[in-house]
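The values are calculated or read from the model by the stated rules, or taken from the named source; none is laboratory data. The structure displayed is predicted, hence computed values, not measured ones. For neighbour counting, all protein chains shown are included, and Cβ atoms are generated from backbone atoms with ideal geometry for every residue, glycine included.
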Amino acid sequence: MPSEQWTHPEPGDGPAAVAAQPSPEQVIAGLRATSEGGAELTQLLTPEGQRVPSERFDRYVEDVDDETLKNLYRDMVLVRRADREANAMQRQGQLGIWVPLLGQEAAQVGSGRALQPRDMAFPSYREHGVAYTRGVDMRELIGIFRCTDHSGWDYQAHRFHPYTIVIGNQVLNAAGYAMGQKFEGKVGDEGGEATICYFGDGATSQGDVHEGFVWAAVYDAPLVFFCQNNQWAISEPTERQSRLPLYQRARGYGFPGIRVDGNDVLACLAVTRWALEECRHGNGPVLIEAFTYRMDAHTTTDDPTRYRLSDELEEWKLKDPIERVRAFLARGGHADQAFFDSVQAEADKFAAELRDYTFNMPEPPPDRVFSQVYAEPSPVLEAQREEYLSYLDGFAAAGEH
Amino acid sequence: MTDLQKLTIGKALNLGLRRAMEEDPKVLIMGEDVGKLGGVFRITDGLQKDFGEQRVLDTPLAESGIIGTAVGLAVRGFRPVCEIQFEGFIFPGFDQISSQLAKLHYRTQGKVKMPVVIRVPFGGGIGAVEHHSESPESLFSHIAGLKVVSISNAVDAYWGIQEAIRSDDPILFFEPKKLYHSGALKMEVDTSTAPSRVFASQVVREGTNATVVAYGPSVKVALDAATAAEAEGKSLEVIDLRTLSPLDLGPVFESVRKTGRLIAVSEAPSESSLTSEIAARVQQECFYSLESPVLRVTGFDTPYPPAKLEEHYLPDLDRVLHAVDRSLAW
């Protein structure tokens, strides 16, 4: 039953109206229905790699020629390969933890490639693909997971905020940033700035996300809320977060919400470009729900076999974001085997370099513990640093190093 | 040329905020009711009228939202000054304060600056209902990366708020709400010359028999006690901490080495508090100078009581004098 048909009984509607309330099964069905290209889901490329025309969104991808689509394919392959390498490195004890993005490459690459250099992105902690599109070197990022660093990149140079681990915090930070863009008069025409904020389906239950929606709405902030609904917040399913499809929440805050096939890189690109354009012109905010699936665990500490059925995974494998682009390119003769082989070779090299870098990453020196706690030095902290370093020097003097 | 004005703490804050806004167009004021109403304590009175709704923001009612968006505005290069209406309402914002505001500078090794001030009216003695009279400053002092300061007089209010706004560190600025509009506390503020440094401990009254250290509303109590003690022939040195985190105890150590005795006064509950920290550090640094144990005069380890009982809860002149007597009798 499509969720729009759910109605609550009016007083006096009589007992029959009670049946209009959805059963739990109907709620779940509504939340999970992707309608396969139906009205609720914006899709430009089917899982089989067929191009679906869209009256509304085709114009946002008019410039996507064979070469551009091949680049998007390449982006996704490289990002997935790096993700798998990092996952393996965690299993080998080289990383403290890894947060896999497997299955979410299209949502991240498509939305990330929609951004202009002047736009700002606020990630959660799974946005390795977005980081890649912002020009963040995977090697700058992996220190977080090897636990040598909290954030290795220059956020201003890449216009990519540090990862935020606390669920939903970054949504308010992004709202504030976008308010700043508005206050500085950077919205209003084609050359305007916008901000995009990434969060998951689980985060939508957080107060900060609700407050972020309120703030962005009442201040008309140029903010694209990009929710990657990957169906699972660790072991909590999407129906534990909501009774209605997440994109529909936007209506309650007074801005548009849209659900896009999160496994369709072309649709993610088009819809995000549309949303950013709305924001640039001062018509923001916009909520995008990228309907996708986390193919791997929440993190490497997780065991998804405890809470979800393999049937579900198998079903989503058929909607793989990379395979559909490959099918489209191959079937239409837009790319040949040599292209796919060269991308694979490049991805292998990309991963090998990441591995080499990770294995040889220097440990931070002990005084880094005390470094940059405050902008203005704290005498108390300086004293702690000196005391500890001289304590360490004692071991060196005793020949224990 | 001096420019002297006789000001209450509240008016000094208002003028200090105004001057900071005039000097830097990136300074924003944000909070609930700070615009048209001028804040529930009128500290931001008239600012929206003169600086507009885009620089004095009447925000939606959510503390996490106020602080979380201030963090984002700071990333963008603004210098937000948030007002939390009453200290007891700050806790929805605790997550943003501890998780983002305090840590972004460290997390990015200094690339992200967090020039955010959160103004927090705090303390009791105003006969209010619950959540309106608390002293949660110790909770925030425990968060590394955050600076916590408190003012007790109009000079520090005027210059301190400007110093806090100019700082690139995030600052929780605790204001003694009971004293905002006290006519008796009006003080001449020289608005032409800034003190060299507001946020360092300061000896506010010299003495020789014992040291009393306090901050915020308790400074007045300590000073009143010192005046009363003098009539009994006892000379108390009073120190206003002003900066609560990182705690500047140098002048306290120096004073204790002189007097040999210390009484720490605060309205907050005593367990795991700033006064605990002071006692621990003073015994560590001044062990051979101490003539008696460090004593504390604080609120009790209870939730803030109904206001009809607050006179029993709050440290007052007599409790401080009693502690002084106990210290001297050792």
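Numbers for the structure displayed
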| read-out | value |
| --- | --- |
| Subset of the stretch A:379-401 that is within 14 Å of chain B (Cβ to nearest Cβ) and modelled with pLDDT of 90 or more - its residue that is farthest from B:ILE171 (Cα to Cα) | A:GLU387 |
| Residue within the stretch B:126-146 that is surrounded by 20 or more Cβ atoms within 10 Å (Cβ to Cβ) and part of a strand (DSSP E or B) present | no |
| Residue within the stretch B:29-44 that is among the β-branched types (Val, Ile, Thr) and touching a Ser or Thr at 6+ places or on another chain (Cβ under 8 Å) present | yes |
| Output for the stretch A:218-230, where each listed residue is surrounded by fewer than 20 Cβ atoms within 10 Å (Cβ to Cβ) and touching a residue at least 40 places away in the same chain (Cβ under 8 Å) | A:ASP220 |
| Single match in A:GLY185, A:GLY192, A:GLY176 (criterion: more than 11 Å from chain B (Cβ to nearest Cβ) and more than 19 Å from the chain's Cα centre (by Cα)) | A:GLY192 |
| Positions within the stretch A:248-279 being surrounded by fewer than 24 Cβ atoms within 10 Å (Cβ to Cβ), closer than 19 Å to A:VAL214 by Cα and not aliphatic (A, V, I, L, M), in sequence order | A:GLN248, A:ARG249, A:ARG251, A:GLY252, A:TYR253, A:GLY254, A:PHE255, A:PRO256, A:GLY257, A:GLU278 |
| Within the stretch B:289-320, considering residues that are touching a helix residue (DSSP H, G or I) at 6+ places or on another chain (Cβ under 9 Å) and aromatic (Phe, Trp, Tyr), the one surrounded by the most Cβ atoms within 10 Å (Cβ to Cβ) | B:TYR304 |
| Residue match in the stretch B:79-94 (condition: at the interface with chain A (Cβ under 9 Å from one of its Cβ atoms) and of a type in the set (D, E, K, R)) | no |
| Single residue of A:VAL166, A:VAL136 found to be more than 9 Å from chain B (Cβ to nearest Cβ), among the aliphatic types (A, V, I, L, M), without any contact (Cβ under 8 Å) to a residue 40 or more places away in the chain and not in a helix (DSSP H, G or I) | A:VAL136 |
| Residue pairs meeting the criteria (Cβ under 9 Å; at least 6 apart or on separate chains; first in contact (Cβ under 8 Å) with a residue 12 or more places away in the chain, in the stretch A:103-120; second assigned to a loop (DSSP other than H, G, I, E, B) and hydroxyl-bearing (Ser, Thr, Tyr)) | A:GLY103/A:THR292; A:GLY103/A:TYR293; A:GLN104/A:THR292; A:GLN104/A:TYR293; A:ALA106/A:THR292; A:ALA107/A:THR292 |
| Any hit, the stretch B:144-156, residues being within 14 Å of chain A (Cβ to nearest Cβ), of a type in the set (Lys, Arg) and over 26 Å from A:TYR163 (Cα atoms) | no |
| Output for the stretch B:147-172, where each listed residue is surrounded by 24 or more Cβ atoms within 10 Å (Cβ to Cβ) and either over 16 Å from B:THR8 (Cα atoms) or free of Cβ contacts under 8 Å to residues at least 12 places away in the same chain (or both) | B:LYS147, B:VAL148, B:VAL149, B:ALA164, B:ILE165, B:PRO170, B:ILE171, B:LEU172 |
| From the options B:GLU285, B:GLU230, residue that is surrounded by fewer than 18 Cβ atoms within 10 Å (Cβ to Cβ), over 30 Å from B:GLU130 (Cβ atoms) and within 14 Å of another protein chain (Cβ to nearest Cβ) | B:GLU285 |
| Selection count where residues are more than 26 Å from B:SER289 (Cβ to Cβ) and in contact with a Ser or Thr (Cβ under 6 Å, 6 or more places away or on another chain), scope the stretch B:200-227 | 1 |
| Residue that is surrounded by the most Cβ atoms within 10 Å (Cβ to Cβ) [pool: residues in the stretch A:318-337 that are within 19 Å of the chain's Cα centre (by Cα) and either among the charged types (D, E, K, R) or not in a helix (DSSP H, G or I) (or both)] | A:LYS319 |
| Residue match in the stretch B:35-50 (condition: at pLDDT 95 or above and within 20 Å of A:ALA175 (Cα to Cα)) | no |
| Subset of the stretch B:102-121 (residues that are part of a loop (DSSP other than H, G, I, E, B), within 7 Å of another protein chain (Cβ to nearest Cβ) and out of contact with any helix residue (DSSP H, G or I) (no Cβ under 9 Å at 6 or more places or on another chain)) | B:GLY110 |
| Flag if B:VAL297 is hydrophobic (A, V, I, L, M, F, W, C) and either under 21 Å from the mean Cα position of the chain (by Cα) or farther than 30 Å from B:VAL155 by Cα (or both) | yes |
| Boolean, A:VAL343 is in contact with a helix residue (DSSP H, G or I) (Cβ under 8 Å, 6 or more places away or on another chain), at pLDDT 95 or above and closer than 16 Å to A:THR46 by Cβ | no |
| Residue within the stretch A:92-99 that is without any contact (Cβ under 8 Å) to a residue 12 or more places away in the chain and either touching a Ser or Thr at 6+ places or on another chain (Cβ under 6 Å) or in a loop (DSSP other than H, G, I, E, B) (or both) present | yes |
| Single residue of the stretch B:61-78 satisfying the filter (more than 7 Å from every other protein chain (Cβ to nearest Cβ) and buried (at least 24 other Cβ atoms within 10 Å of the Cβ)) that is nearest to B:LEU47 (Cα to Cα) | B:ILE66 |
| Residues located in the stretch A:191-240, provided they are of a type outside the set (A, V, I, L, M, F, W, C), assigned to a strand (DSSP E or B), farther than 15 Å from A:ILE288 by Cα and touching a helix residue (DSSP H, G or I) at 6+ places or on another chain (Cβ under 7 Å) | A:GLU236 |
| Hits in the stretch A:63-108 (condition: surrounded by 17 or more Cβ atoms within 10 Å (Cβ to Cβ) and either on the phi > 0 side of the Ramachandran plot or hydroxyl-bearing (Ser, Thr, Tyr) (or both)) | A:TYR73, A:GLY103 |
| When residues of the stretch A:139-163 are limited to those that are among the small types (Gly, Ala, Ser) and surrounded by fewer than 22 Cβ atoms within 10 Å (Cβ to Cβ), the one farthest from the other protein chains (Cβ to nearest Cβ) | A:GLY143 |
| Residue in the stretch B:37-60 that is within 24 Å of B:LEU179 (Cβ to Cβ), crowded, with 20+ Cβ neighbours inside 10 Å and acidic (Asp, Glu) present | no |
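Condition check ((1) touching an Asp or Glu at 6+ places or on another chain (Cβ under 9 Å); (2) at negative phi; (3) of a type outside the set (Phe, Trp, Tyr); (4) at pLDDT below 95) across all residues:
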residue	(1), (2), (3), (4)
B:ILE143	no, yes, yes, no
B:LEU146	yes, yes, yes, no
B:SER152	yes, yes, yes, no
B:ALA157	yes, yes, yes, no
B:GLY160	no, yes, yes, no
B:ALA164	no, yes, yes, no
B:PRO170	no, yes, yes, no
B:PHE174	yes, yes, no, no
B:TYR180	no, yes, no, no
